[in-house]
Amino acid sequence: MEKITKPKIKLLATGKKFTVKQMEAKAGDLLPKHIASIESVLTVIEGECVLALDGTDHTLQQGDSFIVPPEIIHQIRAITDFKAVHAMPKNIAFEFFE
């Protein structure tokens, strides 16, 4: 089994309804598999990653945005060192696996 690595998270902004966080990971890192209760938006600002979502791999590069749907298990693998901005409703709930 591959080692799971937690991303480095930094709070960028918070409002009445939304939160925006920056996430960072090193090349080769496999982030925790999880599910979210509400959709969110992931925008890659540096590097490249693969978002495994519902049996399909989505390669995301700098400048790409992806709307992550709710209630679907997903996982990110960093291809290169990467940073992404993750915008989400404040009332989002996450469940992590493995």
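In the chain, Cα pairs under 8 Å separated by at least six residues give a relative contact order of 37 percent. Of the GluC sites (Glu not before Pro) found in segment 1-46, those that fall in a DSSP loop while having at most 11 other beta-carbon atoms within 10 Å are Glu2. Counting 0.36 nm for each residue step from Phe18 to His34 and taking away their Cα separation leaves a gain of 3.8 nm. Our note on the geometry: Cα centres of segment 77-98 and segment 1-58, 2 Å apart. Coupling constants for segment 72-86 follow from the phi torsions by the Karplus curve (6.51 cos²θ - 1.76 cosθ + 1.60, θ = phi - 60°), and in residue order they are 10, 5, 8, 7, 10, 10, 7, 7, 10, 3, 9, 10, 9, 9, 10 Hz; glycine and proline get x.
Laboratory data are not the source of any read-out in this text; all were calculated from the coordinates shown. In this text, all values refer to a predicted model and were calculated from it rather than measured experimentally. All Cβ positions, glycine included, derive from the backbone under ideal geometry; neighbour counts span all protein chains shown.
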